[in-house]
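Heads up: the structure comes next, in C-alpha cells.
The values are calculated or read from the model by the stated rules, or taken from the named source; none is laboratory data. Predicted, not measured: the structure shown is a model, and the values here were computed from it. Quick reminder, even Gly has a Cβ in these numbers, built from the backbone with ideal geometry, and neighbours come from all protein chains shown. We work out accessible area using only protein heavy atoms, side chains counted, and drop any ligands, DNA or RNA first. Shrake-Rupley method; radii C 1.70, N 1.55, O 1.52, S 1.80 Å.
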Amino acid sequence: MPENKVYVSNLPFSVDEQALEDAFRAGVGRSAVTGAEIIRNREGQPKGFGFVMLSDYEAMQQAIEKMHRTSLMGRDISVTRAIPKDQMPPRSDPDRRMSSSRAGGPGSRDFGGYNSYGRLSGGYMPPAGPMAPMRRGGLE
C-alpha cells in the first residue's frame with residue numbers, strides 16, 4: 001500500500017514539526033494531516049526539507065495542489081509526492097557537483113563559456129580572432 005506522504009522542500013530553517021503540521025492543517029484540513037517530520041543533519045540542525053503524512057490519497061493530492069508554491073515563514077515552499085527510498089533511481093556519481101554538465105567538470109558536454117558559478121568553465125573556448133590552421137598532431 002503506497003504511503004500518503006508529501007515531500008516539502010525550501011523550508012525555513014526556523015520551522016519545526018509543529019509549525020509545518022499547523023501550516024498543512026490550515027491549508028488542507030485538520031483531520032487530513034497525521035504528522036510531520038523535519039529532516040536534520042548530525043548536529044540536529046534542520047536541512048531545509050521534510051515530510052508531511054496525510055490520511056489518504058485524496059488528502060495528499062489536495063495538499064500538493066493547495067500548498068505547492070505557498071509561503072511559509074517568508075519562503076515559498078515546494079510540495080511534491082514523496083517517493084520511497086527503495087524506489088528512488090540510483091545515483092550514478094556520488095560526487096555529482098564535479099561531474100555536473102553545468103559545472104564544466106568531467107563528463108561535461110559544455111564546450112566553454114560561463115558555468116553556473118559565473119566562472120569560465122574548463123571546456124573549449126574558441127580563439128577571439130580567425131581560426132588557426134590545424135596541423136597534423138594538433139596545434140603547436
Please work out which one of (1) in a helix (DSSP H, G or I); (2) touching a residue at least 12 places away in the same chain (Cβ under 8 Å); (3) open to solvent by 40 Å² or more (accessible area, probe 1.4 Å); (4) touching a strand residue (DSSP E or B) at 6+ places or on another chain (Cβ under 6 Å) is the condition SER31 fails and give its number. (4)
Name the single residue that is nearest to SER71 (Cα to Cα) among those in the range 6-28 being in contact (Cβ under 8 Å) with a residue 40 or more places away in the chain and open to solvent by 30 Å² or more (accessible area, probe 1.4 Å). ASN10
Only residues that are of a type outside the set (Gly, Ala, Ser), under 14 Å from the mean Cα position of the chain (by Cα) and open to solvent by less than 70 Å² (accessible area, probe 1.4 Å): list them for the range 69-92, please. ILE77, VAL79, THR80
Answer from GLN18, GLN45, GLN62 - the residue that is within 17 Å of GLU3 (Cβ to Cβ) and at pLDDT 95 or above: GLN62
Could you say whether any residue in the range 53-63 is of a type in the set (Ser, Thr, Tyr) and in contact with a helix residue (DSSP H, G or I) (Cβ under 6 Å, 6 or more places away or on another chain)? yes
